[in-house]
Amino acid sequence: MSACLHCGTAVEGETEAFCCPGCAMAYEIIRGVGLSRYYAEREACPPRPEPASGSWDSIPLETGPDGSVATRLVIDNLRCASCVWVTEAVLQRTPGVLGATVSYATGRASLRWDPAHTSLAVLAGRIAALGYRPRPLGAAATPDRDLTVRLGVAAFAAMNIMLLAISVYAGWWDGMEPRWAAVFRWATLVLATPVALWCAQPFFAGAIAALRQGRIHMDLPIALAVALLYGHGVLATLSGFDGYLDSLAMLVTLLLAGRMLEGRGRRHAAEAALALASSLPATARRETADGLETVPAGELRAGDRIDLGSGEEIPADGVVLEGVGEVRMALLTGESAPVAIGPGSQVVAGAIVEIGALTVAVEQAGDDTLLRRMARQLGVAADRGLAPTLADRIAPRFTLATLLAAAVTALVWWRIGGGAVALAHTVAVLVVACPCALALSQPLAAAAALGATARRGLMLRSAEPLLALGEIDIVALDKTGTVTGGTPTVISGADDAIRIAAGLERYSAHPIARALLAEAAARRIPLPAAHEVVEVPGHGISGMVDARHWTLGAGESGEICLADDRGDRSIIRLGDRIRDDAPRIVAALQSRGLRVALLTGDHAEVASAVAVQCGITEVVARCGPEGKAEWVRARQAEGHQVLLAGDGINDGPALALADVGIAMGSGAAATVLVADGVVGYPALGPVLAGFRASDAARCAIGRNQRRSIGYNVLAVLAAALGLVNPLVAAVLMPLSSGMVIWGATGVERTVRQKEER
Amino acid sequence: MNAVLILLPVAIVLGAIFAALFVKATRDGQFDDLDDPPKRILKDD
């Protein structure tokens, strides 16, 4: 017994080095470019290579000034650092490639090559030949360099101003010649000017943009405070007293830092969703008078005849004219098992031909296909707009209250002490009223919580669904692909039968073959050699193993039957197994007081069997896309807040309708685009992690807001009484913001504590 | 004490030079990806 040199699958006999020709080719490629040490260094074996399908010709490319072209890809299945390294090195050593980098953190590849010597299809083919799956990646969300620069400059100025400010404040007690105090004040003004006029520009822009739309945004009181502080600072420097420029620089730095953290969390989530949603544009082989031509799927017209082979995605809706085969429509129906089709069968765009050769007459193509029509409806339903944060909602009242307090202070002190005193105290009120901590309270805690959920496999689009999770009282789970794995797996079968069946199927890419090979690997059964293997679409596979002729074909529903020429028969049961963590997660959700329901288009018996296994009592069987949406709408009409987790496009309308819609990442691209969040790996656990992070975030935000509002009220009172001077403000403001930042860092800790309990 | 009159502008100008270098580094993309380069140096051949 030996193991396949490339993918590690156990193989019988000492003579065979590889389990399949794909692995042999991958080994040749890696050795051919001198990277043999990959096999010694890797920590995880790659999956078996499978042929790539789809078209690489119509991917948008960037053309550089020297005529080279560049694009970015997502590469799936990268399992360890060595996988990344070998992929990158193979690409770099491919003739015609000018530059190739693969990110260890995200699995994104950036490629630049000379179009005269190689093409994207060749490069994608090289990646696929190694066993990894390349997919095109749309426009990249570029990191906000502008904000980084502003933050860097503001932080630089703030720290230097702090040094100068300490000297000036020290002079209050030890005494300082007025001319030296003036030197320090002028130096402070020099440093603070770029902070106020340039670094703080995003806040002015935000406030003005909101005002144009007739709204008062949290940026408005901030912009007002910055303008006031700077104006007062200039006046103070000219006339020789201490201003609040140190507080100004500190405030702008903290706010920019908060904004950058917030933007980074949102960009990561957007990029993750984009990567999951990107797939190859389909092409079609159209029959013409003089043979076949390859055209983009969009150019097909009703009446065209197209040819399809194993592994190809059907590019248009139509009817089968000739040939037999099996297609998998998981994307549309959520049904994981392939369906046998023959002449006269209807097929839809987006389905995948698992095996067989078909000629199809096109009925609907391009935007008229069922897939596109459903995706369009989803797009309309998902257009929800951005809800204002709590800080934005209280911003108008906050601004009004501040101005009122300032007016009262000015009036009272005018009566008591005259103009100069009134000005000093009024400015102090406006300065300490700046809602720096309040503006930071939500973004920071939300960014921390989004990071915590993303590390646990749930990428949420923004802070809103995260906070909305707290209101949810019904969790509806789709069956296929959500509660279950969505692909056939072996449920029972004798070791001998598995060994022979896996041997027969070792070169096949059929889902049942994958299930058998996975089971053989799990039971550590080496694959035997098979000869004279014949695969008949819709019927099964036959061949010689151990000098006997075996036939593997469909038995009763959910079974496959292995028979030999002497009449020996054995049955292997296949099924869609529930996810390992499903019962535990369902129980955890229920113990939170959530009502958990199972929605499925499947029969009632299958549905209740799954429901019993994972402890769900409420089952809604036999409901299609409309049925699911209707169910969600009915629960919402009863006053419930519904979370729906699903994968297929048939869950799309309900996902868009639900208060929080979560797509399983393995599902249809359109589903990922309408959902509020995406589960990045095959488990239900991330959904529970989302609830925990939401609790932690809402708790932290509430605490932060209470603290910062409390701080503002006390500080405004103190300032109105004339107790605040520049030194007090310089100490108080960073303290209040620091308190909020400290509150936000507790989110990850809280989530971890909840997990351990 | 008069040294401050020279030292202070010098300090600010020196600081500004470093701030300018930081701005240039950011615009060149040095802060775009902070996760990969530390792993990459371990795998260089």
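Counting only strands (runs of 3 or more DSSP E) that sit completely within the stretch A:85-180, those holding 1 or more residues that are modelled with pLDDT under 85 and under 30 Å from residue A:45 (Cα atoms) correspond to A:108-113, A:133-136.
Among the residues of the stretch A:514-545, count how many are free of Cβ contacts under 8 Å to residues at least 24 places away in the same chain and closer than 14 Å to residue A:354 by Cα.
Taking the stretch A:514-545 and keeping what is free of Cβ contacts under 8 Å to residues at least 24 places away in the same chain, we get A:522, A:531-532, A:534, A:536, A:539-540, A:544.
Next cut, closer than 14 Å to residue A:354 by Cα only: A:536, A:539-540.
Matching residues across the stretch A:514-545 total 3.
Within the stretch A:347-359, residues that are among the acidic types (Asp, Glu) sit with their Cβ atoms under 8 Å from residues that are in a strand (DSSP E or B), at 6+ positions apart or across chains, in these pairs: A:354/A:325; A:354/A:326; A:354/A:327; A:354/A:328. Put simply, of A:689, A:715, A:729, A:744 the only residue that is under 16 Å from the mean Cα position of the chain (by Cα), buried (at least 19 other Cβ atoms within 10 Å of the Cβ) and not in a strand (DSSP E or B) is A:689. The numbered conditions (1) buried (at least 17 other Cβ atoms within 10 Å of the Cβ); (2) closer than 16 Å to residue A:256 by Cβ; (3) not acidic (Asp, Glu) are all true for residue A:184 except (2). In the stretch A:722-746, the residues that are within 23 Å of residue A:408 (Cα to Cα) form Cβ pairs under 6 Å with partners that are of a type in the set (D, E, K, R) and surrounded by 17 or more Cβ atoms within 10 Å (Cβ to Cβ), at six or more places apart or across chains, as follows: A:726/A:242.
Looking across the stretch A:85-98 at every residue that is within 29 Å of residue A:454 (Cβ to Cβ) and away from chain B (no Cβ under 11 Å), the one that is surrounded by the fewest Cβ atoms within 10 Å (Cβ to Cβ) is identified as A:91.
Return the residues of the stretch B:6-17 that are more than 7 Å from chain A (Cβ to nearest Cβ) and surrounded by 12 or more Cβ atoms within 10 Å (Cβ to Cβ); say none if nothing qualifies. Result: B:9, B:11, B:16.
Examine the stretch A:479-491 for a residue that is over 27 Å from residue A:625 (Cβ atoms), buried (at least 17 other Cβ atoms within 10 Å of the Cβ) and of a type in the set (Gly, Ala, Ser), and state whether such a residue exists. No: the stretch A:479-491 contains no residue that is over 27 Å from residue A:625 (Cβ atoms), buried (at least 17 other Cβ atoms within 10 Å of the Cβ) and of a type in the set (Gly, Ala, Ser).
Regarding the stretch A:63-79, can at least one residue be identified that is among the hydroxyl-bearing types (Ser, Thr, Tyr), closer than 28 Å to residue A:4 by Cβ and away from chain B (no Cβ under 14 Å)? Taking every residue of the stretch A:63-79 in turn, none turns out to be among the hydroxyl-bearing types (Ser, Thr, Tyr), closer than 28 Å to residue A:4 by Cβ and away from chain B (no Cβ under 14 Å). Checking each residue in the stretch B:18-39 for being more than 7 Å from every other protein chain (Cβ to nearest Cβ) and aromatic (Phe, Trp, Tyr) picks out only B:18.
Determine whether residue B:28 is touching a Pro at 6+ places or on another chain (Cβ under 9 Å) and either surrounded by 15 or more Cβ atoms within 10 Å (Cβ to Cβ) or not aromatic (Phe, Trp, Tyr) (or both).
Values: touching a Pro at 6+ places or on another chain (Cβ under 9 Å): no; either surrounded by 15 or more Cβ atoms within 10 Å (Cβ to Cβ) or not aromatic (Phe, Trp, Tyr) (or both): yes.
Spelling it out, it is not the case that residue B:28 is touching a Pro at 6+ places or on another chain (Cβ under 9 Å) and either surrounded by 15 or more Cβ atoms within 10 Å (Cβ to Cβ) or not aromatic (Phe, Trp, Tyr) (or both).
Per the conditions (1) in a strand (DSSP E or B); (2) at pLDDT below 80; (3) not acidic (Asp, Glu), the sole criterion not satisfied by residue A:650 is (1). Here A:222, A:208, A:216, A:161 are screened, and the one residue that is β-branched (Val, Ile, Thr) and within 14 Å of chain B (Cβ to nearest Cβ) is A:161.
The values are calculated or read from the model by the stated rules, or taken from the named source; none is laboratory data. Computed from a predicted model, the values in this text were never measured in an experiment. Don't worry about glycine lacking a Cβ; one is built from the backbone with ideal geometry, like all the others, and counts go over all protein chains shown.
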